[in-house]
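The values are calculated or read from the model by the stated rules, or taken from the named source; none is laboratory data. Being a predicted model, the structure only gives us computed values, none of them experimental. Methodologically, a virtual Cβ is constructed for each residue, glycine included, from the backbone with ideal geometry; neighbour enumeration extends over all protein chains shown. What goes into the accessible areas is simple: the full protein's heavy atoms, side chains included, and nothing from ligands, DNA or RNA. Shrake-Rupley method; radii C 1.70, N 1.55, O 1.52, S 1.80 Å.
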Amino acid sequence: MSIQKRVRTKKDGSKTVRYYANVWNPTTNKAVVGKMRAKRKEAVLDESQLLKEIASGSRNITDHKTFGRCADLWLKSAPNMYRRSTCKTYTDFYHRHIENVFQASQIDHIEPIKIQEFVNTMSEKYSPETVNKCINILSDIFQFAIQPLKALAAADNPMIGIKRLKVPYKKKVTWTDEQVAAFLNSPVIKTNHYYPMFCVSLILGMRPGEVCGFCDDDLIEQNHVIMVHRTIDKEGNVDDTKNTNSIRALYLPGVLYDIVRQKQTVKLQLKSYHPDYQHDFLFTTVKGRPVNPDRYSMQFRKALKEYNDQEAEPLPRIPLYNCRHSFATNNYERGESDKVLSDIMGNSPKTFLQTYAHIRRRQSDKAVSDYEKKIFQKL
């Protein structure tokens, strides 16, 4: 048993000294390490408490105290807390960026400075989006260690004060109303097998996974409504929508309803006898299989290239997801409320305003500019 001393030198040359108890547990053949303390006498008190706990047997199981063990338990519980695609992303990021750095550390022995150093190192190599994803994962693991594991006190959470990186705004290339109309009214696009999906994406601003995830019964004939309640990911896994806001019923106006209805009729006819159509997905590949977002994205790129190759005025090359951004941008600039648009798109109003804040700023600038012109024209 002993009191250990740790000296850390900061970038400015100053030093910080911390003390911690280190007591051997003969039952587990492992050392039990106390919390970092600013004063040696506090570490001495920790040492006394640890000796009592070891003597009483309450310190016989200590594996869950390591960061790696807490993270493993968190990952096992992740399918109950996150969507399947989110679980996969979190697992990949954890093993790629976080595991080797923190795995062996005792969970209540990790200080905020170590987290900040990790963030600083990551930010030198990776984008702010990647770093922020790692911060999210670390926050979730430490919160899991606090509750339900109770391996860490809430006041000792080292993520307190750790800030996410600012993500620079990247201008999204979108299509105007006229460009959307040109694309959807093009004879070559109308004959494309995926034309009904293009229409839904561009006219309703839906997520690609939601468009691919529609089932036979989602189209309600009486009200010309289509229900949005599930998605499909690029691995073909079906899941619930992104969040509760994403569960919604969308009205299909006349032409769009007829396009989707005709596709549904053909699908149901083929399902009655064709073996490849024995599933409940409304939209299918040419061979009758479900469409995942990667295939849909590829087909959109191919259709856009085919359009541009034959038109005198080619359209800007945009990824499939920017059909959603085009819908939001065009309607928001036209004066539609953020509440209405967020309801249609399945976002919360807060998320919508954060994503399209640049349009709001542009509208505010125009309002001030127009008012200024009216004032000075009268002078």
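For the range 29-126, the helices (runs of 4 or more DSSP H) that sit wholly inside it and include 2 or more residues that are over 23 Å from SER2 (Cβ atoms) are 67-77, 84-93, 99-102, 112-125. Can you name the residue in the range 107-142 that is within 17 Å of THR91 (Cβ to Cβ) and charged (D, E, K, R) and, of all such residues, is least open to solvent (accessible area, probe 1.4 Å)? Here the answer is ASP140.
Once the range 190-235 is narrowed to residues that are small (Gly, Ala, Ser) and part of a helix (DSSP H, G or I), the residue that is nearest to ASN330 (Cα to Cα) is SER201.
A quick yes/no check of all residues on (1) surrounded by fewer than 16 Cβ atoms within 10 Å (Cβ to Cβ); (2) in contact with a Phe, Trp or Tyr (Cβ under 7 Å, 6 or more places away or on another chain); (3) assigned to a helix (DSSP H, G or I):
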site	(1), (2), (3)
LEU250	no, no, no
VAL255	yes, no, yes
VAL260	no, no, yes
GLN264	no, no, yes
LEU268	yes, no, yes
TYR273	yes, no, no
ASP276	yes, no, yes
GLY288	no, yes, no
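Summed over the range 290-309, residues that are more than 30 Å from the chain's Cα centre (by Cα) and open to solvent by 40 Å² or more (accessible area, probe 1.4 Å) total 2. Taken together, the criteria place ASN223 among residues that are touching a Phe, Trp or Tyr at 6+ places or on another chain (Cβ under 8 Å), open to solvent by 60 Å² or more (accessible area, probe 1.4 Å) and either over 30 Å from GLN103 (Cα atoms) or polar (S, T, N, Q) (or both).
Report, by residue number, each residue of the range 149-171 that is of a type in the set (A, V, I, L, M, F, W, C), open to solvent by 30 Å² or more (accessible area, probe 1.4 Å) and in contact (Cβ under 8 Å) with a residue 60 or more places away in the chain. If the condition is that a residue be of a type in the set (A, V, I, L, M, F, W, C), open to solvent by 30 Å² or more (accessible area, probe 1.4 Å) and in contact (Cβ under 8 Å) with a residue 60 or more places away in the chain, then LEU149 is the only one that fits. Identify the residue in the range 172-187 that is in a loop (DSSP other than H, G, I, E, B) and under 31 Å from the mean Cα position of the chain (by Cα) and, among all such residues, is surrounded by the fewest Cβ atoms within 10 Å (Cβ to Cβ). Restricting to residues being in a loop (DSSP other than H, G, I, E, B) and under 31 Å from the mean Cα position of the chain (by Cα), the top hit is VAL173. Screening the range 84-131 for residues that are under 29 Å from ASN237 (Cβ atoms) and among the small types (Gly, Ala, Ser) and picking the one that is modelled with the lowest pLDDT gives SER85. If the condition is being modelled with pLDDT of 90 or more and open to solvent by 30 Å² or more (accessible area, probe 1.4 Å), then the range 338-361 contributes LYS339, VAL340, ASP343, ILE344.
The residue of the range 22-46 that is surrounded by the fewest Cβ atoms within 10 Å (Cβ to Cβ), among those that are at pLDDT 80 or above and either in contact with a Lys or Arg (Cβ under 7 Å, 6 or more places away or on another chain) or at positive phi (or both), is ALA38. Give the residue that is farthest from the chain's Cα centre (by Cα), with candidates limited to residues of the range 1-21 that are over 23 Å from GLU117 (Cβ atoms) and at pLDDT 80 or above. Looking at residues that are over 23 Å from GLU117 (Cβ atoms) and at pLDDT 80 or above, I get SER2.
In the range 366-378, is there at least one residue being of a type in the set (D, E, K, R), outside any helix (DSSP H, G or I) and modelled with pLDDT under 80? Yes, some residue in the range 366-378 is of a type in the set (D, E, K, R), outside any helix (DSSP H, G or I) and modelled with pLDDT under 80. Restrict the check to the range 257-280 and report whether at least one residue is touching a residue at least 24 places away in the same chain (Cβ under 8 Å) and within 25 Å of the chain's Cα centre (by Cα). No. Among the residues here, HIS325 does not qualify as over 28 Å from TYR195 (Cα atoms), assigned to a helix (DSSP H, G or I) and in contact (Cβ under 8 Å) with a residue 40 or more places away in the chain. Quick one: would you say ALA145 is surrounded by 21 or more Cβ atoms within 10 Å (Cβ to Cβ), among the aliphatic types (A, V, I, L, M) and touching a Lys or Arg at 6+ places or on another chain (Cβ under 8 Å)? So ALA145 fails the test.
Could you look through the range 66-90, keep only residues that are closer than 10 Å to ALA145 by Cβ and aliphatic (A, V, I, L, M), and pick out the one that is least open to solvent (accessible area, probe 1.4 Å)? Among residues in the range 66-90 that are closer than 10 Å to ALA145 by Cβ and aliphatic (A, V, I, L, M), the one least open to solvent (accessible area, probe 1.4 Å) is ALA71. For the range 49-65, what are the residues that are surrounded by 19 or more Cβ atoms within 10 Å (Cβ to Cβ) and either of a type in the set (D, E, K, R) or modelled with pLDDT of 90 or more (or both)? Answer for the range 49-65, where residues must be surrounded by 19 or more Cβ atoms within 10 Å (Cβ to Cβ) and either of a type in the set (D, E, K, R) or modelled with pLDDT of 90 or more (or both): ARG59, LYS65.
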